[in-house]
Amino acid sequence: MKHMFKIGLVLGIILAAFIGLWASVAIPNLKTLEERKVIESTKIYDRSGQILLYDVHSDIKRTIIPFDKIPKSLKNAVISIEDADFYKHGGFSISSTVRAFIVDLISGEFKQGGSTITQQLAKQVFLTADKSVVRKAKEIILAIKLERAYSKDEILNLYLNEIPYGGANYGVESAAETFFGKPAEKLSLAESVYLAAIPNAPTRYSPYGTHTDELEARKNLALARMKDLGFISADEFEKTRNEKVAFINRGADGFKAPHFVMYVKEKLVADYGEDAVDSGGLKVTTTLDWEMQKKAEELVRSYGASNAKTFNANNAGLVAIDPKTGQILTMVGSRDYFDFNHEGNFNVTLARRQPGSSIKPFVYATAFAKGYTPETTLFDLPTEFNANCNPDGSAPAGYNPDNCYHPQNYDNNYRAPISLRNALAQSVNIPSVKLLYLAGISNSLGTARRLGISTLNDPARYGLTLVLGGGEVELLEMTGAYAGFANDGNWNSVTPILKVENSSGNILEEYKNQSTLAIDQNIARTINDVLSDNIARTPAFGANSTLFFPDRDVAVKTGTTNDYRDAWVIGYTPNIVVGVWAGNNDNSPMEKKVAGFIAAPLWSAFLKEALKTLPSESFIPPAPTDPGKSVLKGNWQGGKSFKINRLTGKLATPNTPENLIEERVVRQVHTILNWVNKDDPAGPIPDRPESDPQFKNWEAPIRAWAAAHGLADESENVIPTTLDDAQISTDGPQASANFYPDSEIVLNGTEIDVSFDVKDLDSISQIDLFLGSNFLGSIESPPYQSSFIVTGTVDSEIEFKANVYDLSKNKTTITKTFKILGN
């Protein structure tokens, strides 16, 4: 009985609350719309908080038109996609509301709308955008009251005149004029269906945004429902689905940095909802540097036009990021956002494209972490990488030759032994494919993932083509990933937002630096050292290429896809990373030129401008490491090493002076797989190297090359058997100095000649000379003599010093003090 009483009490409270809500919700006057909710505009600013990039409602466009001026095709399209039972229900759908309630209950948040057209009208026009049970109840009550007070056509008419289409556009008349340049009554069936598709998510489905494929899918969904409901025939469905509709160029429309603004707006909608962004009065301070952005837009437009004429590369994109924070400083997604005839609104910085060789640094970083070094040498020779194919690239009988894989270098030349430093700096393909095998595909993808690359998730599809750009990545993520190298291995998630405030000034979101150590600090510094090595790069690009900045430390990598559909350049200093892509949105090929010609001039021109505003910073050099094995240090001639005294030729011992020790190898030219286990390169030499599936195909061209160059194998008899008898000495060399004139008191400006007597001339490596704190120079070979002029303050003293070094770097210091007299 008590339980029944409690249940009755709860139901009574709910009923009383509902009655109270029912009484509090008044029926609005559809004629005057005086009770329409007040819209507070969201504003998006640059990083200074002073430059307004975009005002969502800078000039609200709403034109009310009568019901008979709205084409029937548009009414039917809206009903089909939004509320097929509109003319049957009494304001809300019980089944849809219950279904939405269950989904929201399971998810723990308000995700599902479950709203009829009447409910959407109540929410959009007369209620606030907050998501709560009370607001939902008010929405249902108001929908019921609207249905009782007004006809279906009146409700639909108001809905079509009030629905938001993004930004300042409200209602189908404004949308028709904005998107198609015509009044609503002149819309075609296809245009009507597009207008029906957009309001569900105006930012996401904007025809001027980057998700036009999703807009197309929703348009086709609306068409299919119209066909199912009998509004159009099967023929009309097919014709309209394939019809190409042109959205007009809406011009600058009062906002700056449009690709960036739309990117920010989409993030805001994802985080706060369409209603909050559309009318919540948010103040958004972004990371954009407006001065840099203006220069970037100007340069992309200029170089993009030139590339179109010269290289058939009709589009370009550019991103700049602060590597210490991950903050986006500039974003230009095309030559001209407002050139919709050439898909200018498409943001190529967010598109997935093949990166070519710009992916290589992630593979090399992985290999360096495994124990390989920039000096490790691989053979750049024609190589077949499918172990089922023959070493010469042919297929065995019965095997599909299309499955064989023997990539080429960009210049069709082969360099034979080449260090990893030179291979990466010159973007040589064959050793890079070998290195991916040594580093491991999974390990390399892990490195890329830790640096923020989220799109490379199908390793089986890429195989060894990954290192040549076999996957697809975004320019924004790639630029952000390179920021991890620039920032000593510390990676920051890329962000466009510094702060978001609501209409009351309360901070909803604020940037916080949350970097993570993605790769070892010394590995990052090693990559920086290689990519900024202009000497290593010169054979491929020239000594004074557009990649070289003589007065700054700049690391850079290019990338060109094999079919010349994508050209990349990503380069950086310690305080800015700049990524550039050039190509065609439709993936058609460019002229057969490498990225150094196509994308590098734009990249270089922008970086030069950006560096004018940034302090000069240098990369920290990597700490030296000892990988142990001689082959990892670059000795490609063989893997069996020994050490000698380079003066005596005898086998070095622990007593041999370190500076006289020279490491040599027994010449036996083989693939590196003969000397290392790829998963443990510093470990023991493999007992059966031929068991590695790649060994046979790597080994054959190397042995042929060695034979052609007269590099016959040596036996271990070349290793000396006599031990070195040199002893480490800690005593300095025996030396003395003779001065002329030989006087301790000299006139100011006197020239002094000095010569040195040493006991063992062959044991001296150099003599360093100093006068006071000034270094006068070094004498590195006999005769050991020099001269200097004594100058200084009259009646003062000055010391001459000579440091005499032997080959073991032991030192003897000789000094003489001179007193200076006036002339």
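Structure notes:
- Across all Cα pairs in segment 444-499, the calculated P(r) in 5 Å bins from zero up to the longest distance comes to 4, 19, 27, 22, 15, 8, 3, 1, 0 percent per bin.
- Leu508/Asp563 FRET efficiency (R0 45 Å; Cβ-Cβ; nearest 0.05): 0.45
- Apolar share of the accessible surface for the chain: 50 percent from carbon plus sulfur atoms, 1.4 Å probe.
- With the simple model of a label 7 Å out from the Cα in the direction of the Cβ, Asp551 to Thr722 spans 5.9 nm.
- Segment 340-433 shape via C-alpha gyration tensor axes, a/c threshold 1.5: oblate
- Members of Lys633/Lys759; Lys434/Lys608; Lys295/Lys360; Lys69/Lys227 lying beyond 32 Å, as alpha-carbon distances in this model show: Lys633/Lys759; Lys434/Lys608
- Computed over segment 516-643, relative contact order equals 23 percent, with contacts defined as Cα pairs under 8 Å that lie 6+ residues apart.
- Each of Ser545, Pro361, Phe231 was scored by the projection of its Cα onto the charge dipole of the chain, and the greatest displacement toward the positive side belongs to Phe231; charges sit on the C-beta of Lys, Arg, Asp and Glu.
- Axis angle, to the nearest 10 degrees, between helix 429-439 and the longest C-alpha principal axis of the chain: 80 degrees.
- Each of Ser302 and Thr653 was given a label point 7 Å from its Cα along the Cα-to-Cβ line. The distance between the two points is 7.1 nm.
- Helix axis angle, 212-228 relative to the chain longest principal axis, alpha carbon, degrees: 30 degrees
- Of the peptides 713-719, 84-90, the ranking by mean beta-carbon count within 10 Å, highest at the top, reads 84-90, 713-719.
- With DNA, RNA and ligands ignored, accessible area of Leu381 (1.4 Å probe; Å², nearest 10): 20 Å²
- Computed over the chain, the per-residue total of -39500 (n - 2.57) for DSSP H runs of n ≥ 4 gives a 222 nm mean residue ellipticity of -10000 deg cm²/dmol, rounded to 500.
- Each of Ser73, Val569, Gln408 was placed along the dipole of the chain (beta-carbon charges, centred on the mean Cα), and the one lying farthest toward the positive end is Ser73.
- Global dimensions of segment 555-596 from alpha-carbon coordinates: Rg and Dmax equal 11.5, 35 Å.
- Packing order of peptides 138-145, 230-237, 481-488, 334-341, highest average first: 481-488, 138-145, 334-341, 230-237 (average count of other Cβ atoms within 10 Å over each peptide's residues).
- Estimated dipole of the chain in Debye, rounded to 20 [Cβ of Lys and Arg +1, of Asp and Glu -1, Cα centre]: 2960 debye
- Pair Phe775, Arg703: separation of 7 Å Cα→Cβ label points (nm): 5.2 nm
- Cα lying deepest toward the dipole's positive end in segment 174-217, options His211, Val193, Phe179, charges on Cβ: Phe179
- Note on segment 271-393: the alpha carbon radius of gyration divided by the globular reference 2.2 N^0.38 Å gives 1.59.
- At an R0 of 60 angstrom, the distance between the Cβ atoms of Asp411 and Leu821 translates into a FRET efficiency of 0.30.
- Recomputing Rg and Dmax of the Cα atoms in Å from the coordinates shown identifies the correct label among (1) 37.2, 125; (2) 38.7, 121; (3) 46.0, 143 as (1).
- Average Cα contact separation per residue, the chain, under 8 Å, 6 or more apart, as relative contact order %: 10 percent
- For Tyr414, the accessible area of its heavy atoms, probed at 1.4 Å with every protein chain present, is near 80 square angstrom.
- Length-normalised contact order for segment 709-814 - Cα pairs under 8 Å, 6+ apart - percent: 31 percent
- Backbone N under 18 Å from the Ser233 label point (7 Å along Cα→Cβ), restricted to segment 178-220: 189-190
- Accessible-area rank, largest first, for His670, His406, His342: His342, His406, His670, with all protein chains present and a 1.4 angstrom probe.
- Distribution of pairwise C-alpha distances over segment 144-187, 10 Å bins, in %: 29, 42, 23, 6
- Simple Cβ-charge dipole of segment 287-382, Lys/Arg +1 and Asp/Glu -1, about Cα centre, in debye nearest 20: 200 debye
- Coordinate range along principal axes, alpha carbons of segment 361-493, Å, largest first: 52, 31, 26
- Among the listed pairs Lys643/Lys809; Lys267/Lys499; Lys256/Lys592; Lys186/Lys256; Lys557/Lys640; Lys557/Lys593, those beyond 23 Å (Cα-Cα): Lys256/Lys592; Lys186/Lys256; Lys557/Lys640
- The Cα center of segment 738-755 and the Cα center of segment 196-236 differ in position by 96 Å.
- Full-extension gain in nm, Ile64 to Ile535, via 0.36 nm per residue minus C-alpha separation: 162.7 nm
- Chain lengthening between Ser618 and Ser715 when straightened (0.36 nm per residue, less Cα-Cα): 30.2 nm
- In degrees, nearest ten, helix 2-24 long axis to first principal axis of the chain (Cα): 80 degrees
- Extension gain, Asp731 back to Ala387 (0.36 nm per residue minus Cα-Cα distance, nm): 117.9 nm
- Packing-based ranking, highest mean first, of 74-81, 395-402 given that Cβ atoms within 10 Å are counted: 74-81, 395-402
- Estimated dipole of segment 391-461 in Debye, rounded to 20 [Cβ of Lys and Arg +1, of Asp and Glu -1, Cα centre]: 380 debye
The values are calculated or read from the model by the stated rules, or taken from the named source; none is laboratory data. All figures in this text were calculated on a predicted structure; none of them were measured in a lab. Note that each Cβ is placed from the backbone with ideal geometry, even for glycine, and that neighbours are counted across all protein chains shown. We work out accessible area using only protein heavy atoms, side chains counted, and drop any ligands, DNA or RNA first. Shrake-Rupley method; radii C 1.70, N 1.55, O 1.52, S 1.80 Å.
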